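The values are calculated or read from the model by the stated rules, or taken from the named source; none is laboratory data. Predicted model, so just to flag it, every value in this text is computed and none were measured. For accessibility, only protein heavy atoms count, side chains too; no ligands or nucleic acids. Shrake-Rupley method; radii C 1.70, N 1.55, O 1.52, S 1.80 Å.
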Amino acid sequence: MKFTFTDKKVTLPRSVHEYAEKKVGKLDRYFPAEAEATVVFSVEKGRNNAEVTVRDRGTIYRVRESTSDMFATIDAAVADIERQLRKNKARLEKRLRKDAFVRTAEETSFAPDEPEEEYQIIRSKRFAMKPMSPEEAVLQMNLLGHTFFAFRNEEESEAFAVVYKRDDGGYGLIQDGD
């Protein structure tokens, strides 16, 4: 696994990066050697934040954690990615290494962050939408921790579509009506 570390508005000692590389490196058992891990560290209002993103052959796994201790934040982020992988084990087995789920990791649960109530656009993104099935889009949405995901539906002549998480726990699909 290849690592990239970014410190935003904070200067961390090398030991924190080494610890993160050791802990995130344990995810190697799930991914092939060409996977890339990006860890972004920041400190805001006395909270140590870490965002861990692992990219593997077009699939993105991302978690954000925040605690009062940077080492605990790293541990929590790695545990969250492992939880995502175990939760989606059946769907991900084709994409991950064959022996990825031989060993079981210790289960840890953390309280999710509270969503913001403001409806203000503060960031805009552009990205290439790859053709995929609605099931793949739901999987990608869950791996990113988003409530919706835009994609090109390969089952409908690559028409623009959006999957979203419904309040009742199910998923919805919005498609171009042409």
Would you rank L173, L139 by solvent-accessible area, highest first, keeping every protein chain in place and using a 1.4 Å probe?
L173, L139
If S68, S42 are ordered by their accessible area, calculated over protein heavy atoms with a 1.4 Å probe, which sequence runs from highest to lowest?
S68, S42
For the full complex of protein chains and a 1.4 angstrom probe, list D176, D56, D28 by accessible area with the highest value first.
D176, D28, D56
Just list whichever of K9/K125; K125/K165; K45/K87; K22/K130; K9/K87; K26/K87 have alpha carbons separated by over 29 Å in the model shown.
K45/K87; K22/K130; K9/K87
